[in-house]
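The values are calculated or read from the model by the stated rules, or taken from the named source; none is laboratory data. Given the structure is predicted, the values throughout are model-derived calculations rather than measurements. All Cβ positions, even for glycine, are placed from backbone atoms using ideal geometry, and neighbour counts span all protein chains on display. Just so you know, the surface numbers come from the protein's heavy atoms only, side chains and all, with ligands and any DNA or RNA stripped out. Shrake-Rupley method; radii C 1.70, N 1.55, O 1.52, S 1.80 Å.
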Amino acid sequence: MKTQSKPLLQPPSGRIAVITDSCADIPPELVRRQGIYILPLQIRTAAGAFRDGVDIHPADIYRIQKSELPKTSLPLGSDLEALLGRVIADGYKEAVAVMMSSGLSGTYNLVRQAAEPAAEKGLELKVFDTLTSSIGTGAIALQLSEYIAMGMGFAEICAQAEKLIKGTTVFFSVDTLEFLRKGGRIGRITAVAGTVLQIKPILAFAPDGQLTSVAKVRGRKLVQQELIRMVANLYEPGRPFNLMVADGGAPEEGAELEKKLAAAFPGFNHYFYANIGATLSIYTGSGVLGSAIQYLD
């Protein structure tokens, strides 16, 4: 989180744990500060299997994509078991898990199946399908951690999770649809005639959590303008909100977008900036920019 905003309140340990997956793309310093538990997805390449954000990172993916298409798979059951074991060992009796869209991954269902075994060990685990990913899922987890710090109880935290899911909208642009198509995550995206005309699609998440195309621009220079316009279409003055920006292999453009979005909508509560992680980079390639808004009421 680089742009100035209200500092996040830190939740006390042992009250309610927040769990999410590595595709939430929460900056490591905020993971540590807010005490959020991260379940890593698996990435498979010719060199072996790796855990997202642990022993493989976006720069590795961009390099590997030049010679092969890495594959993703669900988190290891042993990693999930170990994570829940840490949550229990850290003194938590209640936990909320906000997972990436079931329209992209089976991670939500994997974690949901762990709720009953967790209850047998004394941990009440409520699992949510965020129907989004990256900065969308990450901002939900971070905002919930602040609500916990404010003293909300478990039932209220679960109700707020549902509100945040409904109030969070993410837009992003990819340089090419090649990797989404090859990776089988093309979702509801309509064909874009592209390379010669330099058409850049603006994508979002459909209500069922699959990807869909919502706009397109000609040339990369117009991408930031369109991402801001998409947020503007949802902006309602007077409502409390958070802003989010992400980049994947485009840090300079991401920094530009961060400043422009903050200037366009200065009344935000929190402003989160993320780098697209390794798993999502497999499907997007480099050159990704994203903008998002999250309503808190």
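Pairs, please: C-beta under 9 Å, at least 6 apart or cross-chain, first residue more than 28 Å from Ile61 (Cβ to Cβ) and in the stretch 234-257, second open to solvent by 50 Å² or more (accessible area, probe 1.4 Å) and outside any helix (DSSP H, G or I)?
Cβ pairs passing all conditions: Pro237/Gly267; Gly238/Gly267; Arg239/Asp297; Pro240/Gly267; Pro240/Asp297; Phe241/Tyr235; Phe241/Gly267; Phe241/Asp297.
For residues that are open to solvent by less than 10 Å² (accessible area, probe 1.4 Å) and under 13 Å from the mean Cα position of the chain (by Cα), scanning just the stretch 110-133, find the one that is farthest from Ala246 (Cα to Cα).
Among those that are open to solvent by less than 10 Å² (accessible area, probe 1.4 Å) and under 13 Å from the mean Cα position of the chain (by Cα), it is Thr130.
Which residue pairs have Cβ atoms closer than 9 Å, lie 6 or more positions apart in sequence or on different chains, and pair a first residue in the stretch 16-36 that is in a helix (DSSP H, G or I) with a second residue that is acidic (Asp, Glu) and crowded, with 24+ Cβ neighbours inside 10 Å?
From residues that are in a helix (DSSP H, G or I), the pairs are Ser22/Asp52; Cys23/Asp52.
Anything in the stretch 260-277 that is of a type outside the set (Lys, Arg) and over 12 Å from the mean Cα position of the chain (by Cα)? List them, or say none.
Hits for the stretch 260-277 are Leu261, Ala262, Ala263, Ala264, Phe265, Pro266, Gly267, Phe268, Asn269, His270, Tyr271.
Could you figure out which of (1) under 18 Å from the mean Cα position of the chain (by Cα); (2) at pLDDT 95 or above; (3) open to solvent by less than 50 Å² (accessible area, probe 1.4 Å); (4) farther than 22 Å from Leu30 by Cβ isn't true of Lys166?
It fails just one condition, (3).
When you scan the stretch 82-108, how many residues do you find that are surrounded by 14 or more Cβ atoms within 10 Å (Cβ to Cβ) and in a helix (DSSP H, G or I)?
Residues that pass the stated criteria total 6.
Given Ser13, Ser73, Ser67, which one is free of Cβ contacts under 8 Å to residues at least 60 places away in the same chain, out of contact with any Pro (no Cβ under 6 Å at 6 or more places or on another chain) and open to solvent by 50 Å² or more (accessible area, probe 1.4 Å)?
After applying the criteria, what remains is Ser67.
For the stretch 65-72, does any single residue satisfy the condition of being farther than 23 Å from Ala274 by Cβ, of a type in the set (S, T, N, Q), more than 21 Å from the chain's Cα centre (by Cα) and modelled with pLDDT of 95 or more?
no
So if I check each of Ala274, Ala262, which one is out of contact with any helix residue (DSSP H, G or I) (no Cβ under 9 Å at 6 or more places or on another chain) and either more than 20 Å from Pro7 (Cβ to Cβ) or among the aliphatic types (A, V, I, L, M) (or both)?
Ala262
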